[in-house]
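The values are calculated or read from the model by the stated rules, or taken from the named source; none is laboratory data. A quick note: this is a predicted structure, and the numbers were derived from the prediction, not measured. Because the Cβ atoms are built from the backbone with ideal geometry, glycine has one as well, and the counts that use them run over all protein chains shown. Note: areas computed on protein heavy atoms with side chains; ligands, DNA, RNA excluded. Shrake-Rupley method; radii C 1.70, N 1.55, O 1.52, S 1.80 Å.
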Amino acid sequence: MSVYMVMLPPEADAVAPSGLPSPRAAERVVFVRDGFSAPAFVFSGLWMLWNRLWLPFLGYLVLTLGLELGTLALGNSVPGIAAFCASLLIGFEAGTLRRWQLERRGYRFAAVVAADTAEEAEIRYFMGTQTPRPVSPRPSAPAGGIVPRIGTQPVVGLTLGQGGIR
């Protein structure tokens, strides 16, 4: 089972009472899979161009050219290992790069959905099965427990109250 991040478009500010975006904005909602991306690993540069990740692509070019030029003096196998490591990094961070690009375009994070496929994630999100649970209030500290206070009462740890550090 995969985890998908739901990214709402900029025009999704007007939401229905159910908490879901309007029908027009719902067509532009993007579900970004979190996890390793094999296409991004195998075809790093082409994958970035396909997904219109221009700035990460330029960074990737600078990184790989720098690694190639820096490792030419070290031997024949070192540039290949460096390129493999750069591609591996792109494969692991593919979802993060896509979310970053969407945030730059005005999209905002809405929810996390667990599903087997992107279609199932859409169904779960729009049918409301992934509604957030209400957060229970924090339990108060027990009356007889150790509660640090600044003042005349003893405190466990470093005391910065009356008298300063001794």
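Loop-located trypsin sites (Lys or Arg not before Pro) across the range 21-70 with a Cβ neighbour count of 16 or fewer within 10 Å are Arg28, Arg52, with loop assigned by DSSP.
Taking 7 Å steps out from each Cα toward its Cβ at Ala114 and Phe43 produces label points 3.2 nm apart. Quick one: if the Förster radius is 22 Å, what FRET efficiency do Trp54 and Thr96 give, using the C-beta to C-beta distance and rounding to 0.05? It comes to 0.85. In the range 1-112, taking the dipole from charged Cβ atoms about the Cα centre, the farthest positive-side position among Leu58, Leu72, Leu89 is held by Leu58. Heavy-atom accessible area, probed at 1.4 angstrom with all protein chains present, ranks Asp116, Asp34 as Asp116, Asp34, highest first. Of the solvent-accessible surface of the range 25-73, computed with a 1.4 Å probe over protein heavy atoms with every protein chain present, carbon and sulfur atoms account for 71 percent.
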